[in-house]
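Enquirer: One structure, as structure tokens, below. Some questions next.
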Amino acid sequence: MPKHDQDAALFQTMISRVLEQEVAPHFDQWEEAGVMPKSLWKTLGEAGMLGIDMPEQYGGAGARMEICQMAVEEIARQGFGGLCGGYNIHANIVMPYLLHIGTEHQREQWLPAMIAGDAVGAIAMTEPGAGSDLAAIRTTAERTDEGWLINGSKVFITNGLHADLVIVCAKTDPKAGAKGISLFLVDTQLAGFSRGKGIKKIGQHSSDTAELFFSDLLIPQDALLGEVGKGFAYLMQELPRERLGVAAQAIGATEGALALTIDYVQQRKAFGKRIADFQNTRFKLAEARAQLDMARVYLDHCIDKYNANAMTPTDAAVLKLQLTEMQCKITDECLQLFGGYGYTLEYPISRFYVDARVQTLYAGTSEIMKEVIARSILGKNAR
């Protein structure tokens, strides 16, 4: 067996074992509580699940990036959508931002703690009045003699309740539009930072989601991530990795929903025969399998392009659009095959269903993905 395959098999075994022992017995309770315990991050860190593809010098495993995607996929496949969203932010977004954009001091300050699970990461872009339209954000960062003074608020921030580090997107030049945006590393222990109550959602209940507030929050000069005014460019640079994670989550969750459904239709009977024996059921499952297989081929293709530094924003938009829409469609059809039982909390397919819905919203809505793709074909509308 090639070494790459051996590594993947070892990590797969480890990830499955950790989820079975440390997550599965408690997940229903966390879903009801609307939040996971912060101690879970320490557990994941000790098990080696955080920083899988981060350099060994910071405590990471130094594995290939696709192993990190495999972890996302497995968490989603087992039906832990709430954990998957937070894990994707922490390990698949915040840490790569630090690695690719941060200074050596910033990496040494945060990466070892995040890999160990001693610090939880979040990224704060969305505001009450600015979602997909990032140039409309109103949070500001003003340079002073002591550092940077941040004022504003953010909403729908995954890991917001537990975060020790937040990458904050703020305007350093309010008149410059997207070119006036910069990124900052905010230590949540600093005075001037506060959090609202956890936001209640229709799905991914255990994923802590919060509103964050910055009131004359003073951070040091060296908390600037990258260069002033290049925040938007950095966000575009890192979007492919973010959308790869969302796509891996879509594949894993769809596989999990389909596996539950295949098992159910072979046991449940109606009109004297198994649900699996009806032509409609067989055709629906065949279509789902075919769509999943095609989706996986494109995900693997995009991973190869990412590793070759050749993945474009359009590639990422196509991937995110197709796989999340597929997830919602197939999960809906799987639930339908459960009949009324699928609408009850007793059957896990209901969790797959509600957890899926946000996938076409965060990390860029489906409509924004279509606009990105259209611009690559036709150019930007000049209206």
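Quick note: the coordinates plus some simple rules give every number you see, no bench work behind them. Nothing here was measured: the structure is a model prediction, and the numbers come from that model. With ideal geometry, Cβ positions are generated from the backbone for all residues, glycine too; neighbour counts draw on all protein chains shown.
Enquirer: Tell me, what is the percent relative contact order of the chain, built from C-alpha pairs under 8 Å that lie six or more residues apart?
Expert: 16
Enquirer: Now for a separate question. Can you tell me the equivalent ellipsoid semi-axes for the range 232-378? Use √(5λ) from the Cα gyration tensor, largest first, whole Å.
Expert: They are 34, 15, 12 Å, listed from largest to smallest.
Enquirer: Okay, moving on. First check a/c for the range 318-357, with a ≥ b ≥ c the square roots of the eigenvalues of its C-alpha gyration tensor; if it is under 1.5, answer rounded, and if not, answer prolate when a/b is larger than b/c or oblate otherwise.
Expert: prolate
Enquirer: For the range 123-229, what is the Kirkwood estimate of the hydrodynamic radius, computed as the reciprocal of the mean inverse distance between distinct Cα atoms, to one decimal in Å?
Expert: Computed over the range 123-229, the radius equals 13.9 Å.
Enquirer: I would also like to ask the following. Tally Lys and Arg at +1 and Asp and Glu at -1 over the other residues with C-beta under 12 Å from the C-beta of VAL168: what net charge comes out?
Expert: Residues near VAL168 contribute 0 overall.
Enquirer: Assigning unit charges at the beta carbon (Lys, Arg +1; Asp, Glu -1) and nothing else, what dipole magnitude in debye, to the nearest 20, does the chain show about its Cα centre?
Expert: So the dipole magnitude of the chain works out to roughly 1280 debye.
Enquirer: Here's another thing I want to ask about it. Report the extension gain between ALA290 and GLN336 in nm, rounded to one decimal, defined as 0.36 nm multiplied by the number of residues separating them, less their alpha carbon distance.
Expert: Difference between extended and current length: 14.7 nm.
Enquirer: Nearest 5 is fine: what % of DSSP beta bridges in the chain come out antiparallel, could you say?
Expert: Expressed as a percentage, antiparallel bridges in the chain total about 85.
Enquirer: Determine which lysines satisfy two conditions relative to LYS273: a Cα distance under 20 Å, and not lying fewer than 8 residues away in the same chain.
Expert: Of all the lysines, those that pass the test against LYS273 - Cα under 20 Å, at least 8 places apart if same chain - are LYS284.
Enquirer: Taking 7 Å along the Cα-to-C-beta vector as the label spot, tell me the ALA310-GLN189 distance in nanometres, rounded to one decimal.
Expert: Between ALA310 and GLN189, the label points sit 4.6 nm apart.
Enquirer: Distance in nm between label sites at HIS26 and LEU218, each 7 Å beyond Cα in the beta-carbon direction?
Expert: Going by the 7 Å Cα→Cβ label model, 3.9 nm.
Enquirer: How high is the FRET efficiency from ALA136 to ILE199, r the C-beta distance, R0 25 Å, rounded to 0.05?
Expert: 0.75
Enquirer: Follow-up question, since we're still on this one. Over all directions, the average projected area of the alpha-carbon convex hull for the range 234-279 comes to how many nm²?
Expert: 4.1
Enquirer: Let me make sure I get this right: for the range 3-119, a, b and c are the square roots of the gyration tensor eigenvalues over alpha carbons, sorted descending. Under 1.5 in a/c it's rounded, otherwise prolate if a/b > b/c, else oblate. Which is it?
Expert: oblate
Enquirer: Could you compute the FRET efficiency for GLU108 and THR144, with r as their C-beta to C-beta distance and R0 at 35 Å, rounded to 0.05?
Expert: Efficiency for this residue pair is about 0.85.
Enquirer: Take the Cα pairs of the chain, get the Kirkwood Rh, then feed it into Stokes-Einstein at 25 °C and 0.890 mPa s and tell me D in µm²/s.
Expert: My calculation gives 114 µm²/s for D.
Enquirer: Okay, moving on. Starting from the Cα of ARG268, move 7 Å in the Cα-to-Cβ direction to define the label point; list residues of the range 320-351 whose amide nitrogen is under 18 Å from there.
Expert: Correct set: 329-351.
Enquirer: Which stretch or stretches of the range 251-271 have amide N atoms under 20 Å from the point lying 7 Å from GLU325's Cα along the Cα→Cβ direction?
Expert: What the label zone holds, given the 20 Å backbone N cut-off, is 251-255.
Enquirer: In addition: If the limit is 24 Å between Cα atoms, which of LYS38/LYS200; LYS154/LYS200; LYS42/LYS171; LYS201/LYS269; LYS154/LYS380; LYS201/LYS320 go over it?
Expert: Table pairs above 24 Å Cα-Cα are LYS42/LYS171; LYS201/LYS269; LYS154/LYS380.
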